[in-house]
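Student: Mind having a look at this structure? Questions to follow.
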Amino acid sequence: MKTAQAAAPELSIVIPVYNEAASILVQYAELTQVLEAMGISYEIVFVDDGSQDETFRILEDLKRKDARVIVVRLKKNFGQALALRAGFDRSRGPKIVSMDGDLQYDPRDIPRLLEGLSQGFDVVTSWRVERSENYLTRTLPSYVANRIIRALSGVPIHDFGTTFKAYRREALRRLDLEDGLHRFIPVLLNEMGFKIAEVPVRCRPRRFGTSHYGLGRVWGVLLDMIFVKFVSSYLSRPFRMFG
Ligand code: UDP
Ligand code: MG
């Protein structure tokens with residue numbers, strides 16, 4: 001006999017995790033505290049992006065204890081953008097918040113992101129005003145990359161690298177997330193005519209483990225920018241490609 005599918009919750013939280021075993025229970029506790037205080041129905045969709053550590057086992061334990069936890073397991077490490085897409089596809093709420101699983105974002109900022117949706121924006125993206133990371137290898141390169149992407153795309157936001165965002169489901173339907181393109185979500189959504197807001201949030205240092213990215217990503221990001229620029233301008237005017 002098939003059990004009846006529970007009604008869709010009001011809010012879905014989507015979190016890609018790759019070898020984050022040490023952070024998961026803390027993340028879950030912090031989130032639960034904030035979400036329960038908000039008094040809405042919710043689900044937390046963790047996407048295990050092919051972890052080799054205890055991540056999956058810990059998530060399965062959580063799922064058994066809390067029916068609001070959903071676990072998606074990818075067969076191998078596909079990268080953050082595809083893991084996000086898998087989580088978006090599995091989530092059911094009309095509003096979605098995506099964040100990282102390494103405790104760098106603070107769930108207490110979730111209500112502020114959602115407030116932007118209530119004001120009529122389709123996407124509310126966070127701005128890490130004070131980065132708590134190494135200046136030379138992280139903060140400075142990301143400042144430069146953000147300036148370039150802002151100038152080329154014309155999207156007036158400051159932080160393209162953040163994955164802490166709130167969305168209306170409509171905005172996610174046509175969002176195609178190729179590997180690495182999670183940094184261009186605002187550019188892609190802006191091209192499709194969605195209204196984007198930006199709100200400042202806290203950013204905490206990584207508590208366990210190390211970042212999955214190094215300085216090498218800067219080149220990749222700039223190449224991706226050229227790709228996004230190309231695709232977005234020719235999508236709307238395909239015949240120009242012959243020019
Ligand atoms: N992540 C992932 N797959 C990957 C790399 C990272 O799911 O291949 C997750 C990671 O576990 C974390 C989030 O994406 O929850 C952001 O990764 P990270 O903290 O390494 O990036 P940074 O904050 O340094 O930009
Ligand atoms: Mg991080």
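No value in this document is a laboratory result; all are computed from the given coordinates. Just so you know, these numbers come straight off a predicted model, no measurement behind them. Using ideal geometry, Cβ is built from the backbone for each residue, glycine included, and neighbour counts are taken over all protein chains shown.
Student: For Lys63, give me every one of the aspartates and glutamates with a C-alpha distance below 20 angstrom, ignoring sequence neighbours fewer than eight places off in its own chain.
Tutor: The reachable aspartates and glutamates, counting only those whose Cα sits under 20 Å from Lys63, are Glu10, Glu20, Glu30, Glu36, Glu43, Asp48, Asp49, Asp53, Glu54, Asp89, Asp100, Asp102.
Student: While we're looking at this one, here's another question. Run the numbers on segment 28-79 and let me know its relative contact order in percent, using alpha-carbon pairs under 8 Å that are six or more apart.
Tutor: Once divided by the residue count of segment 28-79, the mean separation gives 42 percent.
Student: Averaging sequence separations of C-alpha pairs under 8 Å and six or more residues apart, then dividing by the length of segment 146-230, give the relative contact order as a whole percent.
Tutor: RCO, segment 146-230: 32 percent.
Student: Separation between the Val34 and Leu152 pseudo-spin-labels, each 7 Å from Cα along Cα→Cβ, expressed in nm?
Tutor: Those two pseudo-labels are separated by 3.1 nm.
Student: Antiparallel as a % of all DSSP beta bridges within the chain, to the nearest 5?
Tutor: Here the antiparallel bridges make up roughly 25 percent for the chain.
Student: Show which lysines lie in cross-link reach of Lys195 when reach means a straight Cα distance below 26 angstrom and same-chain residues fewer than eight apart are skipped.
Tutor: List returned: Lys95, Lys165, Lys229.
Student: Among rounded, prolate and oblate, which fits the chain when a ≥ b ≥ c are the square roots of the eigenvalues of its C-alpha gyration tensor, a/c under 1.5 means rounded, and a/b larger than b/c means prolate?
Tutor: Taking the square roots of the gyration eigenvalues as a ≥ b ≥ c, the chain is prolate.
Student: I've got another one for you. Just how large is the dipole of the chain about the Cα centre, in debye to the nearest 20, putting +1 at every Lys and Arg Cβ and -1 at every Asp and Glu Cβ?
Tutor: 480
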